[in-house]
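Following: one structure in structure tokens, then a few remarks.
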Amino acid sequence: MTKRVAILISGGGSNMEALLDSMEGDHPARPVLVLSNVPGAGGLAKAEAREVETAVVDHRKFHGDRTAFEQALHERLEQAEPDIVCLAGFMRILEDWFVARWDGKMLNIHPSLLPKYPGLDTHARALEAGDAEAGCTVHEVTAELDAGPILGQARVPVKPGDTPETLAARVLRQEHVLYPKVLRRFAEGEKTPIFLE
Ligand code: GAR
């Protein structure tokens, strides 16, 4: 049966676009909702242009009450009845109960070769450490930040003169390749990791 996919975003949504564009033809999944915590996030217009339903749950309206925000997010998500939830540049840390509700069904893309550099500023940290390569990881979301089972990784070289911005752009291009491949496999029930060069 076709899997229903909801995508959570906070920004431009280039990963979301790559995921939406992949879910056609014989793909085992279809998008049912793009949900943002940021009103006016660039990705919302891109989803609307593809005639995918969108919604906003603005975290700022909850004045720091994370549980209330996530309850509202959760209720909106439930309405869409997704089988799979993809975090794609969704920049809020989720509480344990929320993660537990989507256990085994929620994926995230992170711009580093986990377990290196969980959290923010991944590219600056890779450059600071003098790493010869960088990359991105798609993983299942678990209670510990950026630490769930790895479903796929893609590597890129660090080049002389790289800045966090040039490295981020190189990694992002690979994110757009990796995430759709992993989602397709995941929707087919395949959880063994893939590694792209
Ligand atoms: C991507 O690089 C993604 O890996 C990163 O945010 C960017 C979103 O770009 N995610 C995180 O840092 C999660 N902690 P996009 O909105 O164009 O997909």
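The values are calculated or read from the model by the stated rules, or taken from the named source; none is laboratory data. Every value quoted in this text rests on a predicted model; they were computed, and no experiment measured them. Backbone-built Cβ (ideal geometry, glycine too); neighbour counts: all protein chains shown. Heavy atoms of the whole protein, side chains included, go into the accessibility calculation; ligands, DNA and RNA do not. Shrake-Rupley method; radii C 1.70, N 1.55, O 1.52, S 1.80 Å.
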Of GLU190, GLU165, GLU175, the only residue that is more than 14 Å from the chain's Cα centre (by Cα) and under 21 Å from ALA126 (Cα atoms) is GLU165
Only one of LEU145, LEU172, LEU127 is in a helix (DSSP H, G or I) and within 11 Å of the ligand (Cβ to nearest atom), namely LEU172
Does at least one position in the stretch 82-97 carry a residue that is more than 15 Å from the ligand (Cβ to nearest atom), in a helix (DSSP H, G or I) and more than 14 Å from the chain's Cα centre (by Cα)?
yes
Out of (1) closer than 21 Å to GLU175 by Cα; (2) open to solvent by less than 10 Å² (accessible area, probe 1.4 Å), the one GLY12 does not meet is (2)
PHE69 passes all but one of the listed conditions (1) of a type outside the set (Val, Ile, Thr); (2) touching a Phe, Trp or Tyr at 6+ places or on another chain (Cβ under 7 Å); (3) within 20 Å of LEU19 (Cβ to Cβ); the exception is number (3)
By residue number, the members of the stretch 148-169 that are open to solvent by 20 Å² or more (accessible area, probe 1.4 Å) and assigned to a strand (DSSP E or B) are ILE150, ARG155, PRO157
Requested in this report: Go through the residues of the stretch 18-41 one by one and say whether even a single one is open to solvent by 40 Å² or more (accessible area, probe 1.4 Å), on the phi > 0 side of the Ramachandran plot and within 14 Å of the ligand (Cβ to nearest atom).
Outcome: yes
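Select from the stretch 65-78 the residues that are surrounded by fewer than 19 Cβ atoms within 10 Å (Cβ to Cβ) and either touching a strand residue (DSSP E or B) at 6+ places or on another chain (Cβ under 7 Å) or at pLDDT below 95 (or both) and list them in ascending order.
ARG76
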A careful count of residues in the stretch 98-114 that are of a type in the set (Lys, Arg) and assigned to a loop (DSSP other than H, G, I, E, B) gives 1
If we ask which residues in the stretch 178-197 are more than 13 Å from the ligand (Cβ to nearest atom) and either part of a helix (DSSP H, G or I) or within 15 Å of LYS105 (Cα to Cα) (or both), their number turns out to be 11
Per the list (1) surrounded by fewer than 21 Cβ atoms within 10 Å (Cβ to Cβ); (2) more than 15 Å from the chain's Cα centre (by Cα); (3) within 16 Å of the ligand (Cβ to nearest atom); (4) outside any helix (DSSP H, G or I), residue check on TYR117 breaks on (1)
